[in-house]
Amino acid sequence: MRTILVTGGAGFIGANFVRMLIERGEDVKLVVLDKLTYAGNLGNINDLLASQPERLVFVKGDICDGDVVQAMFDDHGCREVVHFAAESHVDRSILSSSPFIQTNVVGTQVLLDVAKSKNAERFVHVSTDEVYGSLPEDKPEIKFAEETPMAPNSPYSASKAASDCLVRAYFHTFHMPVMMTRCSNNYGPYQFPEKALPLFITNLMQGMKIPLYGDGLNIRDWLYVEDHCQAIWTVLNKGKAGEVYNIGGNNEMTNRAIVDTILREMGSNWDDGVQYVKDRPGHDRRYAIDAGKIKRELGWEPRHRFHTAIKKTIQWYKDHQDWWRAIKNGEYLKYYQTQYAGR
Ligand code: NAD
Ligand code: TDX
């Protein structure tokens, strides 16, 4: 049985990754290291921690703490790493960038150093398409390729780009078996309701409006989270050391089109359900991924179609109101007030 360290496994994508591998019975033991920041939620994996204690272990800790990370290898026997842990919300990085530099840059460096000293066998660094910057909306033929130069525009994407540089350097200098993935926007169960899709869906369920930034014509490439998790598993198993793999849904949509779909599915309309608000500073106009390399070289492509997966996602938030109502409380309300009041 392989023993894999999963950082950030109590967050949105990390928890979906853990759930996928454990539920389908992969021959793995997963050790989740998570600081449980505002975005981490043990409730995302609690049932599996209770039912599969020999295959899933949780440690509360910070990836910036070298001793804690070392114990993952020495005490828990981890030999491979999938690195999800990060500060991940662009708007929060605009409010305050320092936690982003600490976790995303320093934390990744600590993790790389320990993994190097322990001769980790495989290391997947989960990154983002946002490191490439923004694409023009009037040139649909241009997409991000792995060779596209990095040009990050937000403190969040700048911190992710810095971590990508470190990962690249540890391959080049130390020949570490590291791989990097750069994925487009995810959606699905367990996504923290500060991100656009769960925010829009749960606001409507609370009788509140969708706050749509600017003219609502920014474009993102939406990927169902399960497809992303399968891509990461594929890279961990078949990826080549030192390589970058772009991951995308081949599903570019404007925010207006996303909102339109959600309104229709939830029986609302533009007048009752949407409020245009002041734009995000530095708001990237368009992201689009060319995911040809991972398809050609590793045989991965997305399986879920947006129109069915978004229905499934909306249904999940309808069926799990306790989950998101508990989050949309306390600290969250303070954040919401700071982020949206007066916009
Ligand atoms: P998330 O914010 O939902 O979860 C992040 C997790 O990391 C949380 O559980 C949090 O507690 C944990 N964490 C934060 N700081 C930590 C620290 N110092 N030590 C240990 N744990 C810490 O994020 P997500 O949306 O699941 O994203 C996961 C990864 O995927 C991130 O690296 C992000 O950059 C990347 N990514 C996300 C998307 C997306 O659409 N959500 C797209 C592409 C790439
Ligand atoms: O209230 C909102 N109103 C709005 O119009 C919010 C929160 C967002 N938006 C817009 C901004 C974006 O154009 O919706 C789009 C999606 O926004 P986010 O969910 O914040 O995602 P984005 O900024 O595109 O970044 C996401 O994808 C890449 C993740 O949060 C990152 O972690 C990932 O790296």
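The values are calculated or read from the model by the stated rules, or taken from the named source; none is laboratory data. It should be emphasised that the depicted structure is a prediction, and the values quoted were computed from it without experimental measurement. Here the Cβ is made from the backbone with ideal geometry for all residues, glycine too, and neighbour counts use every protein chain on show. Each accessible area value is taken on the protein alone, full model and side chains, heavy atoms only, with ligands, DNA and RNA left out. Shrake-Rupley method; radii C 1.70, N 1.55, O 1.52, S 1.80 Å.
Leaving ligands and nucleic acids out of the surface, order Cys64, Cys78, Cys165 by accessible area at 1.4 Å, largest first.
Cys165, Cys64, Cys78
Sticking to Cα atoms, compute the Rg of region 102-206 to one decimal and its Dmax as the biggest Cα-Cα distance, whole number, in Å.
Using the Cα atoms of region 102-206, the pair Rg, Dmax is 16.6, 52 Å.
Just the accessible area per residue of the chain, please: how many Å² with a 1.4 Å probe?
That works out to 42 Å² for each residue.
Going by amide H atoms built from the backbone, whose H comes under 5 Å of the H on Tyr245, apart from near neighbours?
HN-HN under 5 Å from Tyr245: Met180, Thr181, Arg182.
Tell me whether region 28-88 comes out rounded, prolate or oblate; compute the Cα gyration tensor, take square roots of the eigenvalues as a ≥ b ≥ c, and use a/c under 1.5 as the rounded threshold.
Verdict is oblate for region 28-88.
Pull out a ≥ b ≥ c, the square roots of the eigenvalues of the alpha-carbon gyration tensor of region 95-136, then state rounded if a/c is under 1.5, prolate if not and a/b is larger than b/c, and oblate in the remaining case.
Judged from the Cα gyration tensor, region 95-136 comes out oblate (a/c at least 1.5, b/c at or above a/b).
Full extension from Ala257 to Ile94: what is 0.36 nm times the residue separation minus their Cα-Cα distance, to one decimal in nm?
Full-extension gain reported as 56.1 nm.
How big is the dipole moment of region 73-129 about its Cα centre under a simple scheme where the beta carbon of each Lys and Arg is +1, that of each Asp and Glu is -1, and everything else is neutral? Debye, nearest 20, please.
Here the size comes out at about 100 debye.
For Cys78, what residues show an amide H to amide H distance below 5 Å, using hydrogens built from the backbone and excluding near sequence neighbours?
Distant-sequence amide H within range of Cys78: Phe73.
What aspartates and glutamates does Lys278 reach when the alpha-carbon gap must be under 15 Å and sequence neighbours fewer than 8 apart in one chain are set aside?
Straight-distance partners of Lys278: Asp91, Asp215.
Based on the alpha-carbon gyration tensor of region 206-281, what equivalent-ellipsoid semi-axes (square roots of 5 times the eigenvalues) come out, in whole Å, largest first?
After scaling each eigenvalue by five and taking roots: 34, 15, 10 Å.
Provide the net charge surrounding Thr202, with neighbours chosen by a C-beta distance below 10 Å and charges set as Lys +1, Arg +1, Asp -1, Glu -1.
+3
Report the longest stretch of the chain that contains none of the GluC sites (Glu not before Pro) sitting in a DSSP loop with at most 11 other Cβ atoms within 10 Å.
The reported range is 148-343.
Roughly speaking, what is the stretch gain from Asp322 to His172, that is 0.36 nm per residue apart minus the C-alpha to C-alpha distance, in nm to one decimal?
49.3 nm
Would you list Asp47, Asp272 from the most to the least accessible area, probe 1.4 Å?
These residues rank, largest area first, as Asp272, Asp47.
So what are the ³J(HN,Hα) numbers for region 75-84, from phi and the Karplus equation (6.51, -1.76, 1.60; θ = phi - 60°), rounded to whole Hz, Gly and Pro as x?
8, 9, x, 5, 10, 10, 9, 10, 9, 9
Only bridges whose two residues both fall in region 184-343 count here: according to DSSP, what percent of them are antiparallel, nearest 5?
Close to 30 percent.
For the chain, just say rounded, prolate or oblate: build the C-alpha gyration tensor, square-root its eigenvalues into a ≥ b ≥ c, call rounded for a/c under 1.5, and beyond that prolate if a/b exceeds b/c, oblate if not.
It is prolate, given that a/c is not under 1.5 and a/b is the larger ratio.
With both partners inside the chain, how many of the DSSP beta bridges are antiparallel, as a percent to the nearest 5?
Within the chain, antiparallel bridges account for around 10 percent of the total.
Would you mind counting up the charge near Arg55? Only other residues with Cβ under 10 Å from its Cβ, with Lys and Arg at +1 and Asp and Glu at -1.
Residues close to Arg55 contribute a combined charge of -2.
Quick check on the chain: helices-only [θ] at 222 nm, where DSSP H runs of length 4 and up contribute -39,500 (n - 2.57) each and the sum goes over total residues. Nearest 500, please.
Helices in the chain give a 222 nm mean residue ellipticity of -12000 deg cm²/dmol.
In whole angstrom, how far apart do the alpha carbon centroids of region 199-224 and region 91-152 sit?
For region 199-224 versus region 91-152, the Cα centre distance is 24 Å.
Please identify the DSSP H helices in the chain that span no less than 18 Å along the helix axis (Cα) and have a mean Kyte-Doolittle hydropathy of 0.0 or more.
Counting only whole DSSP H runs, the qualifying helices are 155-174.
Contact order normalised by length for region 215-309, with contacts defined as Cα pairs under 8 Å and 6 or more residues apart; what percent is it?
Here the relative contact order equals 47 percent.
Identify all lysines with a Cα-Cα distance to Lys116 below 23 Å; exclude those on the same chain that are fewer than 8 residues away in sequence.
Hits, sequence-local ones excluded: Lys29, Lys35, Lys60, Lys160, Lys238, Lys240.
Between Lys240 and Arg24, what is the label-to-label distance in nm when each label sits 7 Å out along the Cα-to-Cβ direction?
2.5 nm
Just add up the charged neighbours of Ala151: K/R +1, D/E -1, any other residue whose Cβ is under 11 Å from the Cβ of Ala151.
Spelling it out: positives minus negatives among the neighbours equals -2.
Amide H neighbours of Met176 under 5 Å, at least 5 residues apart or on other chains, H built in the peptide plane: list them.
HN-HN under 5 Å from Met176: Phe171.
Hey, for a label at Lys278 modelled as a point 7 Å past Cα toward Cβ, could you say which residues of region 90-133 have their backbone N under 19 Å away?
Residues 90-97 fall inside that zone.
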